[in-house]
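Participant: Quick one: this structure, given as structure tokens, is what I'll be asking you about.
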Amino acid sequence: MEPMKRVGYFSLARWGVGGSIIVALLSVLTAVTFYKFFRSGSVVYAMLGLLSGFAVSLIVFVKLNEEIQPTRTFDEGVVGKTAVVVEKITPERPGVVRVGSQTWSAKSKGLIDAGSRVVIIERDGIYVLVKRVSENGLEGALPEPERR
């Protein structure tokens, strides 16, 4: 499992458009109410300023201490499964394989034409590594993958 990652303070993905607008509006409300309090001396403005300032502080504190877990994009269950090549795979250029209803970018050490059956042997970054399935099993001297 990958460690959790912190996201930068001003990341739009972290705050979202709505969250950014709310923090900005609450900050402006806090500034305006304190300005009005100092101009008029009204306790209502002081309370409203304190309340909106507390809300901004709370939102910022929660967001800064939030830990975001990355989305799991790789289905570990596909390793060991048989797939069909949709786009030709060459050692120089990745292709595409389909396993069930999912499609994956795939690499191989050899040329594998579209329509061939392959077995997914492992993950390599954003790609799956595949080996061609021959009539007698996997081509090459790879051990049979473990099935779960």
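Participant: Quick check on packing: order 40-53, 99-112 by the mean number of other C-beta atoms within 10 Å, highest mean leading. All intermediate terms of the calculation are to be shown ahead of the outcome.
Facilitator: On the way: 40-53: 14.4, 99-112: 15.9.
Those peptides, ordered most packed to least, come out 99-112, 40-53.
Participant: In whole Hz, with x marking every Gly and Pro, tabulate ³J(HN,Hα) for segment 86-91 from phi via Karplus 6.51 cos²θ - 1.76 cosθ + 1.60, θ = phi - 60°.
Facilitator: Result, ordered by residue: 8, 10, 3, 10, 10, x Hz.
Participant: Can you tally the net charge around VAL84? Count Lys and Arg as +1, Asp and Glu as -1, for every other residue whose Cβ sits under 15 Å from the Cβ of VAL84.
Facilitator: On the way: positive: LYS81, LYS88, ARG98, ARG117, LYS131, ARG132; negative: GLU87, ASP113.
That works out to +4.
Participant: Provide, as a two-decimal number, the C-alpha radius of gyration of segment 76-135 over 2.2 N^0.38 Å, N being how many residues it has.
Facilitator: On the way: Rg = 9.8 Å, N = 60, 2.2 N^0.38 = 10.4 Å.
Its radius of gyration relative to the 2.2 N^0.38 Å reference: 0.94.
Participant: Based solely on C-alpha atoms, express the radius of gyration and the Dmax of segment 12-65 in angstrom.
Facilitator: Considering segment 12-65 through its Cα atoms, Rg and Dmax are 12.5, 40 Å.
Participant: Step through the residues of segment 96-108 one at a time and calculate ³J(HN,Hα) from phi using the Karplus curve (6.51 cos²θ - 1.76 cosθ + 1.60, θ = phi - 60°), rounding each to whole Hz and writing x for Gly and Pro.
Facilitator: So the J values, rounded to whole Hz, are 10, 10, 10, 10, x, 9, 9, 10, 9, 6, 9, 10, 8.
Participant: Would you mind counting up the charge near GLY95? Only other residues with Cβ under 15 Å from its Cβ, with Lys and Arg at +1 and Asp and Glu at -1.
Facilitator: Its environment carries a net charge of +4.
Participant: Across segment 33-43, in residue order, what do the Karplus-derived ³J(HN,Hα) couplings come to in whole Hz, using 6.51 cos²θ - 1.76 cosθ + 1.60 with θ = phi - 60° and x for Gly and Pro?
Facilitator: My calculation for segment 33-43 gives 5, 5, 4, 5, 4, 5, 7, 10, x, 6, 5 Hz in order.
Only the coordinates and a few stated rules stand behind these numbers; no lab work does. Computed from a predicted structure; not experimentally measured. Methodologically, a virtual Cβ is constructed for each residue, glycine included, from the backbone with ideal geometry; neighbour enumeration extends over all protein chains shown.
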